[in-house]
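See below for the structure under consideration.
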Amino acid sequence: MPSCLPGMGGQEWCQIVRCDDEEVLVSTLITPVGQLNRLGRHERRAERRRLKRHDALARQLADLHAIRALLGQAADVASGGWVQGAWFTVATAGGEQAVTAYDLDLALNRPVTGACLVGAVVQAAGGPATVRSQLVQRTLDLLWHALRDDPDRPVQWCPGPRMRMMGVLDLTHWNDAVGRTQGEVVGLLSAARQRADVQRAKCRAEQAKIDATHELLNRS
């Protein structure tokens, strides 16, 4: 359950604890209405912008925690069985059958025995029904970032449908490349998990900077 604790400058921190493989605190800053009313118009706008940015960073931290966990689960899926040229392989009465993007329904009610890079993320999230979920889509965004982009550049979380599809195709072609190994696929999923840690550290650093600047202004 959320709990509100006193914060700096007469504000409150509303903290939500999410327990998974670690404890995560997601905080929302609230400025009392009376305090906002005592500020001038310019100061009120600046305060609202600050609070909005702080809340956006808190939401991003929660998203990154979920993405990081999903990448770890996807690595387990790929370690258990990895395929090329298909999204999944499933067990049937006649043996293993490859499942492509055109017949994903086959993976809904049959045991999945293997998955490609993208398929591992989808399967870890719950299977083909989750393929368009925000968690899966953003996890694939981060995975592509780990594969192709500069680690110091921010992740492009909303690249648009066309760019996102191109990213998924790029991940698929990388998975299916001649000479690709299961170890490399698992390694990329682990590298993406490390990118999530980098992004979380940047969010926390920005939050700390916002708080420090606000506290300094309150004292002046």
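The values are calculated or read from the model by the stated rules, or taken from the named source; none is laboratory data. Remember, it's a predicted structure, so these values are computed and weren't measured experimentally. Please note: Cβ atoms are built from the backbone with ideal geometry, for glycine as well, and neighbour counts cover all protein chains shown.
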Quiz item: Is it the case that V121 is in contact with a Pro (Cβ under 9 Å, 6 or more places away or on another chain) and over 29 Å from K209 (Cβ atoms)?
Solution: no
Quiz prompt | The lone exception for G126 - which of (1) at positive phi; (2) in contact (Cβ under 8 Å) with a residue 12 or more places away in the chain; (3) not charged (D, E, K, R) it fails | solution = (2)
Self-check item: Given (1) touching a helix residue (DSSP H, G or I) at 6+ places or on another chain (Cβ under 8 Å); (2) small (G, A, S); (3) exposed (fewer than 13 other Cβ atoms within 10 Å of the Cβ), index of the condition G183 fails
Solution: (1)
Exercise. Considering only segment 148-172, state which residues are in contact with a helix residue (DSSP H, G or I) (Cβ under 6 Å, 6 or more places away or on another chain) and of a type outside the set (V, I, T).
Key: W157, G167, L171
Quiz item: Do we find a residue being under 23 Å from G72 (Cβ atoms), touching a Leu at 6+ places or on another chain (Cβ under 7 Å) and not aliphatic (A, V, I, L, M) anywhere in segment 135-156?
Solution: yes
Quiz item: So which residues in segment 132-151 are surrounded by fewer than 24 Cβ atoms within 10 Å (Cβ to Cβ) and either closer than 13 Å to T100 by Cα or polar (S, T, N, Q) (or both), if there are any at all?
Solution: S133, Q134, Q137
Quiz prompt | Lone qualifier among G85, G94 - being of a type outside the set (K, R) and closer than 22 Å to A177 by Cα | solution = G85
Quiz prompt | Wholly within segment 127-220, helices (runs of 4 or more DSSP H) carrying at least 2 residues that are farther than 30 Å from V112 by Cα and either in contact with a Gly (Cβ under 7 Å, 6 or more places away or on another chain) or of a type outside the set (F, W, Y) (or both) | solution = 182-219
Quiz item: Restricting attention to segment 87-101, which residues are among the hydrophobic types (A, V, I, L, M, F, W, C) and closer than 21 Å to T172 by Cα?
Solution: W87, F88, V90, A98, V99, A101
Quiz item: For G34, all conditions in the list (1) farther than 21 Å from T139 by Cα; (2) out of contact with any Asp or Glu (no Cβ under 9 Å at 6 or more places or on another chain); (3) at pLDDT 90 or above; (4) of a type outside the set (S, T, Y) hold save one; what is the number of the exception?
Solution: (3)
Quiz item: Is it the case that segment 89-104 has a residue that's more than 21 Å from G187 (Cβ to Cβ), among the aliphatic types (A, V, I, L, M), surrounded by fewer than 16 Cβ atoms within 10 Å (Cβ to Cβ) and in contact with a Lys or Arg (Cβ under 8 Å, 6 or more places away or on another chain)?
Solution: yes
Practice problem: Could you grab the pairs with beta carbons closer than 7 Å, sequence gap of 6+ or different chains, first residue in segment 156-167 and surrounded by 13 or more Cβ atoms within 10 Å (Cβ to Cβ), second one part of a loop (DSSP other than H, G, I, E, B) and of a type outside the set (S, T, Y)? | Solution: G167/P159
Quiz item: So which residues in segment 64-89 are out of contact with any Asp or Glu (no Cβ under 6 Å at 6 or more places or on another chain) and part of a strand (DSSP E or B), if there are any at all?
Solution: W82, F88
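Considering L29, L51, L106, which residue is modelled with pLDDT under 90, in a helix (DSSP H, G or I), aliphatic (A, V, I, L, M) and farther than 20 Å from T130 by Cβ?
On the way: L29 fails: in a helix (DSSP H, G or I); L106 fails: farther than 20 Å from T130 by Cβ.
When all the criteria are applied, what remains is L51.
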